[in-house]
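The values are calculated or read from the model by the stated rules, or taken from the named source; none is laboratory data. In this text the structure is predicted, and so the values were computed from the model without any measurement. Cβ atoms come from the backbone with ideal geometry, glycine included; neighbour counts cover every protein chain shown. Ligands, DNA and RNA are excluded from the accessible area calculation, which covers all protein heavy atoms including side chains. Shrake-Rupley method; radii C 1.70, N 1.55, O 1.52, S 1.80 Å.
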Amino acid sequence: MIEITLRAGSLEATETDALVVLAPSGAQSADSFGAGAIDAILGGLIGRLLNAGDFTGKAEQVAVLYPPESAAFKRVVLVGTGNGDVPLAERIRRAAAVAGKCAQDVGAKHVAICGLPDPVEATTTAVAEGLILGLYTFDSMKSKAADQSKIEHAVIVCSGDVIAEAEAGLRVGMALARATSLARDLANLPPNVCTPAYLAEIAVRIAGERGLQVEVLERGQMQALQMGALLAVAQAAHNPPRFIVLQHNAHRSAELDTLVLVGKGVTFDTGGYSLKTRDGMIGMKGDMSGAAAVLGAMQAVSELQVEKHVVGIIPASENLVDAAAYRPQDVITASNGKTIEIISTDAEGRLLLADALVYAKRFAPDAVVDIATLTGSAAAALGGVYSAVFATDAELRRALEHAGETVFERVWPMPMAPEYRKQIDSDTADMRNSSTIPKAGASVATMFLAEFVDYPVWAHVDMAGTFVDSGASAYIPAKGMSGYGARLLTQFVIEWTTRKGV
Ligand code: BES
Ligand code: ZN
Ligand code: ZN
């Protein structure tokens, strides 16, 4: 991964393959965005581009300019940051991604970035996210590496009086981008590689690197805990299930706020006996994207040493078909004693989450957030633009909305109501796992989950629309997994404050 450092100093003397200059929309002169000295070396080229109207600074517009050979920098990549309709940080992420790709395409190995607008801390974070995520590729399954030259090092150049802010911003940006890259890697890996045991291995690796506490439960331990819902899904699993629990600041749980993050870890969803179609199965290697988001966030919050007790819970299983598989009309019992009549074996995610949400209670959480590729219904409603959020607490919902806007992994509120619960009334058991009416599926699934939530502050994020490329932007790959959720959860954990004692 590209290394990013900071430097306070003069731009003219910056030795680099490509000097990236962030240019705002509508600028009249290079001076107005701090590039006057560079423009002088370029013999006034930037000024001429601006005057001619060839370069307006609109979002993601790029121009590559060449200074005389005597200059310290070999090229200038001028990139527009656009204006108002999208938040500034997001425009910077996209501009950094566009400029990074452009510089890499012309063979640059080293880039320098300048022209970061205020507030420097937030825009430095955004530059790091945009650069790293824009240059992300998934090629670990190719037998030969692509013979493209890659940017190895980026230096962000800023003035000495804001270097402390830039440092703080860079630290956060690197952690966020690494979290998303990890989530993308895991979701992109094929289901014969990224098994429940593999997710557990990654959790153990992160724990070792970062000093997190980790526990991995196997089938026998899940049986002892009577996790009948998770175990029903795992009955036909060829690769055995795992129940992964990671904790950051576990030893300080008494004094700190406790936040629990739960991620659906279905490493492949065939639908089980309620079999998906041939085409419906494609993409289902990414049905562990909630788990990937939680793993990414746990890595980031520990890297950033966030002053909270954060617990990550990942129920992981395949959903396959064989003679041992659970059937429609089976009745199973979850770990809180509630009975569930199976209607669709394809509504398996909520079964995994049920036992995980019950388990979350033992941490006496101040807030619990689960995230899952749960229903086609959420994807149909919101596409790849927003995830659906359901919450029992308005402040928690607002906190997720705010964090989502900040990192631009947005969530939109959707309703919970007793009327939706009626759709899963069962004649035989306490509830059914799905409705036979194909309406409001995301809300119905949430009412199912609520049966396993025994604490006041809980939210559920349905990311079935956002886990893939459909929201593609300059730093979200047009093909493959988006890594959605890792930055959302990390930012949420950073921002959340519990009203302790209120
Ligand atoms: N993993 C799927 C949901 C999904 C579908 C995620 C498409 C991403 C893209 C989930 O397990 C599922 O199959 N849900 C069913 C539930 C239904 C049977 C009640 C769905 O949404 O159709
Ligand atoms: Zn399913
Ligand atoms: Zn699923």
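Quick look at the numbers
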read-out	value
Filter pass, residue 256 being among the aliphatic types (A, V, I, L, M) and in contact (Cβ under 8 Å) with a residue 60 or more places away in the chain	no
Hey, residue 71 small (Gly, Ala, Ser), closer than 16 Å to residue 111 by Cβ and surrounded by 17 or more Cβ atoms within 10 Å (Cβ to Cβ) or not	yes
The one condition in (1) farther than 28 Å from residue 5 by Cα; (2) open to solvent by 40 Å² or more (accessible area, probe 1.4 Å) that residue 37 fails to fulfil	(1)
Where residue 386 falls short, out of the listed (1) open to solvent by less than 30 Å² (accessible area, probe 1.4 Å); (2) under 20 Å from the mean Cα position of the chain (by Cα); (3) aromatic (Phe, Trp, Tyr)	(1)
Wholly enclosed helices (runs of 4 or more DSSP H) of region 179-268 bearing at least 1 residues within 16 Å of ligand 1 (Cβ to nearest atom) and not polar (S, T, N, Q)	196-210, 228-234
Top-ranked residue in region 332-350 [being crowded, with 24+ Cβ neighbours inside 10 Å and not in a loop (DSSP other than H, G, I, E, B); ranked as nearest to ligand 2 (Cβ to nearest atom)]	349
Every pair of residues 6+ apart whose Cβ atoms lie under 7 Å, when the first sits in region 393-407 and is under 22 Å from residue 91 (Cβ atoms) while the second is surrounded by 14 or more Cβ atoms within 10 Å (Cβ to Cβ) and basic (Lys, Arg)	404/410; 407/487
Any hit, region 411-431, residues being closer than 22 Å to residue 314 by Cα, in the same structural domain as residue 292 (by TED's automatic domain parsing) and either open to solvent by 50 Å² or more (accessible area, probe 1.4 Å) or at pLDDT 95 or above (or both)	yes
Positions within region 269-284 being charged (D, E, K, R), outside any strand (DSSP E or B) and within 11 Å of ligand 3 (Cβ to nearest atom), in sequence order	276
So residue 191, is it at pLDDT 95 or above and either surrounded by fewer than 24 Cβ atoms within 10 Å (Cβ to Cβ) or in contact with an Asp or Glu (Cβ under 6 Å, 6 or more places away or on another chain) (or both)	yes
Filtered residue count, region 268-309, keeping only those that are within 16 Å of ligand 2 (Cβ to nearest atom) and either surrounded by fewer than 21 Cβ atoms within 10 Å (Cβ to Cβ) or closer than 18 Å to residue 138 by Cα (or both)	18
Segments classed as strands (runs of 3 or more DSSP E), wholly inside region 1-88, with at least 1 members that are closer than 20 Å to residue 160 by Cα	3-8, 18-23
Residue list for region 163-190, filter: in contact with a helix residue (DSSP H, G or I) (Cβ under 7 Å, 6 or more places away or on another chain) and β-branched (Val, Ile, Thr)	172, 180
Any hit, region 215-232, residues being out of contact with any Cys (no Cβ under 7 Å at 6 or more places or on another chain), surrounded by fewer than 24 Cβ atoms within 10 Å (Cβ to Cβ) and within 29 Å of residue 498 (Cα to Cα)	yes
Odd one out for residue 478, checked against (1) open to solvent by 30 Å² or more (accessible area, probe 1.4 Å); (2) farther than 30 Å from residue 188 by Cβ; (3) in contact with a helix residue (DSSP H, G or I) (Cβ under 6 Å, 6 or more places away or on another chain)	(2)
Within region 51-67, tally of residues that are under 20 Å from residue 92 (Cα atoms), hydrophobic (A, V, I, L, M, F, W, C) and out of contact with any Lys or Arg (no Cβ under 8 Å at 6 or more places or on another chain)	3
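Residues are listed down the side, and each one gets a yes or a no for (1) within 28 Å of the chain's Cα centre (by Cα); (2) farther than 26 Å from residue 181 by Cβ:
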| site | (1), (2) |
| --- | --- |
| 40 | no, yes |
| 56 | no, yes |
| 85 | yes, yes |
| 115 | yes, no |
